[in-house]
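Here the structure comes first, spelled out in structure tokens, and everything after it is commentary.
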Amino acid sequence: GAVLLLVTVMLVKMGWCGCTLFALNSWVLLGASVLLLGNRSFGVLASEKEKKTLDCLRLTQLTPDALFWFKLAPEFRSLARLLGFFAPSLLFSSLSSPSGLAAGLGVLAIAAVAGTMSIVMSLFVSSLAASTSRAVVNGWTMKACWLLLTPVFDLVVAAVTVTTERRPVFDVLNPFAASWSLVVPEAEVGFRQHLPLAFVLLGLLATLPL
């Protein structure tokens, strides 16, 4: 984290635009949060099914909540380390840009929620899959739909409702779409300016039933 902060400070001193560095830090952090986190959880429960040890776990004194945290603790530690690594450079670059400190804190919040969603969705996929290989395929398919198809669905909604304004019906669950109004605030108008807050709230609500 210190090295990344030092590089960011040096680039600002060399004349790099703070808004460019803020955008780079934001996209890399969000990409890492959703693509790197949760991958180890694909086989958490599926592997137990394959080894036929899931019933043995149920016979122990571990409660479902304790088992949940035991299995996902490494993932949440990775999320905390990732946020700690990027936070200094992200906040410094946001202060060096017109977006300001609030935008940097907003991106960190979105990354935290997106990482949590990725981890919990991976466990959900693992609980449904009969094998680890099937869980991996289903998990990456779900991530692809989450990140790539939500903007397409909003385009379909706009076409069906015959409107030129693309309303964020599905984008509200997309971390990249939610952070866009923070990274490039002048590019968004109307309700899309409130996507960061809506994503954080709906993201947290979406993880509870999973």
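The values are calculated or read from the model by the stated rules, or taken from the named source; none is laboratory data. In this text, all values refer to a predicted model and were calculated from it rather than measured experimentally. Glycine also receives a Cβ, built like all others from the backbone with ideal geometry; neighbour counts cover every protein chain displayed. The protein model used for the area step is the full one, side chains on, heavy atoms only, and it has no ligands, DNA or RNA in it. Shrake-Rupley method; radii C 1.70, N 1.55, O 1.52, S 1.80 Å.
Would you be able to say whether some residue in segment 78-97 is in contact (Cβ under 8 Å) with a residue 12 or more places away in the chain, under 19 Å from Trp140 (Cβ atoms) and touching a Lys or Arg at 6+ places or on another chain (Cβ under 7 Å)?
No, segment 78-97 contains no residue that is in contact (Cβ under 8 Å) with a residue 12 or more places away in the chain, under 19 Å from Trp140 (Cβ atoms) and touching a Lys or Arg at 6+ places or on another chain (Cβ under 7 Å).
Out of all the residues in segment 133-140, is one or more under 16 Å from the mean Cα position of the chain (by Cα), open to solvent by less than 30 Å² (accessible area, probe 1.4 Å) and among the aromatic types (Phe, Trp, Tyr)? Don't jump to the end; show me each part of the working.
From segment 133-140, those under 16 Å from the mean Cα position of the chain (by Cα) are 139-140; that's our starting set.
Keeping just the survivors that are open to solvent by less than 30 Å² (accessible area, probe 1.4 Å) gives 139.
Now restrict to residues that are among the aromatic types (Phe, Trp, Tyr): none.
Within segment 133-140, none of the residues are under 16 Å from the mean Cα position of the chain (by Cα), open to solvent by less than 30 Å² (accessible area, probe 1.4 Å) and among the aromatic types (Phe, Trp, Tyr).
Per-residue answers, yes or no, for (1) at pLDDT 85 or above; (2) over 26 Å from Trp180 (Cβ atoms); (3) more than 16 Å from the chain's Cα centre (by Cα):
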| site | (1), (2), (3) |
| --- | --- |
| Met14 | no, yes, yes |
| Gly18 | no, no, yes |
| Phe22 | yes, no, yes |
| Ser33 | yes, no, no |
| Asp65 | no, yes, yes |
| Gly84 | yes, no, no |
| Leu95 | yes, no, yes |
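Quick one: count up the residues across segment 2-47 that are without any contact (Cβ under 8 Å) to a residue 12 or more places away in the chain, more than 16 Å from Leu83 (Cα to Cα) and open to solvent by less than 20 Å² (accessible area, probe 1.4 Å).
Result for segment 2-47: 0.
Regarding segment 73-82, can at least one residue be identified that is modelled with pLDDT of 85 or more, closer than 18 Å to Trp27 by Cβ and surrounded by 13 or more Cβ atoms within 10 Å (Cβ to Cβ)?
yes
Before we move on, is Thr150 open to solvent by less than 30 Å² (accessible area, probe 1.4 Å), free of Cβ contacts under 8 Å to residues at least 40 places away in the same chain and of a type outside the set (A, V, I, L, M)? Can you show your working first?
Details: open to solvent by less than 30 Å² (accessible area, probe 1.4 Å): yes; free of Cβ contacts under 8 Å to residues at least 40 places away in the same chain: yes; of a type outside the set (A, V, I, L, M): yes.
So Thr150 fits the description; yes.
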